[in-house]
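The values are calculated or read from the model by the stated rules, or taken from the named source; none is laboratory data. Bear in mind the structure is a predicted one, so any value in this text is a computation, not a measurement. Neighbour counts are summed over all protein chains in view; Cβ atoms, including those assigned to glycine, are modelled from backbone coordinates with ideal geometry. What goes into the accessible areas is simple: the full protein's heavy atoms, side chains included, and nothing from ligands, DNA or RNA. Shrake-Rupley method; radii C 1.70, N 1.55, O 1.52, S 1.80 Å.
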Amino acid sequence: MHLTQLNQECLLHLFSFLDKDTRKSLSLTCHRLQEVFLDHRLWSLLRFTSPCQLRWDNFVLGPSLRYLTICWYSSRVLQVCNIEDWLKTAFQKDICSKHERVVSTFLAHVCHMCPHLLSLTLSGCGHITDQDVTSVLRSCRKLRHLHLENCVCITDCILEAVVAHGVSLRQVKVDFCRNITQAGLQEVRERRPDIQLSAERSAGMIPDSVPEERVTIRKTLQKVLQFS
């Protein structure tokens with residue numbers, strides 16, 4: 001029996017053992033295998049190791065998606081993304097401009113096409129905002145697990161969104177997010193005790209502040225030291 005003579009369920013099972021690139025390569029060989037590739041049931045789990053992969057045509061985004069992970073492991077680019085905007089040089093801003101909306105745009109598509117998402121992990125995505133993740137919480141009402149790691153633009157606003165819109169959330173992690181505060185974490189614990197909440201290092205990191213605020217803080221510290 002030729003491979004293409006197998007029924008759809010068997011082919012979907014076989015494709016499930018392959019990575020995204022291999023699935024795409026097979027889909028280019030004939031119309032029958034392309035049908036299998038485009039079947040959204042094949043794509044219940046998506047994992048990306050770089051936002052640039054979100055632009056590749058080697059996956060299908062659809063209502064079967066349950067688990068989504070986007071991790072950025074390039075330390076060089078991460079260092080640039082993690083710099084506060086007002087401290088970036090023109091060259092660094094140019095680097096960021098090439099990818100800063102990629103993850104946000106992708107998450108917008110997830111909001112419209114993946115209502116049954118159960119788990120979302122974003123790591124090293126330095127340009128995603130509270131609004132991006134809040135939109136996912138509002139659209140994907142079945143979301144049970146949310147893990148944000150080293151996402152510098154995430155603030156206590158996302159913790160407020162967790163309380164307000166995360167109706168199905170059971171576990172929330174906000175690790176190494178420097179603009180998360182202890183007060184924000186405490187509010188979630190008080191208002192949503194049903195959520196398993198953890199924050200590795202987040203509330204103990206130095207939050208972003210505009211230059212004017214830094215001057216005020218420095219002057220206050222100087223006065224405290226002068227009269228202590």
When the stretch 50-63 is examined, which residues are found to be in a loop (DSSP other than H, G, I, E, B) and either within 14 Å of the chain's Cα centre (by Cα) or of a type in the set (D, E, K, R) (or both)?
SER50, ASP57
Pairs with Cβ under 6 Å, 6+ apart, first in the stretch 115-131 and within 14 Å of HIS147 (Cα to Cα) and open to solvent by 20 Å² or more (accessible area, probe 1.4 Å), second of a type in the set (A, V, I, L, M, F, W, C) and modelled with pLDDT of 95 or more
ASP130/CYS157; ASP130/ILE158
Do we find that ARG41 is modelled with pLDDT of 90 or more, surrounded by fewer than 17 Cβ atoms within 10 Å (Cβ to Cβ), more than 17 Å from the chain's Cα centre (by Cα) and assigned to a helix (DSSP H, G or I) in this structure?
yes
State whether the residues of the stretch 152-165 include one that is acidic (Asp, Glu), open to solvent by less than 20 Å² (accessible area, probe 1.4 Å) and modelled with pLDDT of 90 or more.
no
Over the stretch 17-36, the set of residues over 16 Å from LEU54 (Cα atoms) and loosely packed, with under 11 Cβ neighbours inside 10 Å is PHE17, LEU28, HIS31
Among the listed residues ARG101, ARG47, ARG66, which satisfies the condition of being under 13 Å from the mean Cα position of the chain (by Cα), at pLDDT 95 or above and among the basic types (Lys, Arg)?
ARG47
Output for the stretch 6-16, where each listed residue is outside any helix (DSSP H, G or I), more than 26 Å from THR49 (Cα to Cα) and either at pLDDT 95 or above or not aliphatic (A, V, I, L, M) (or both)
ASN7
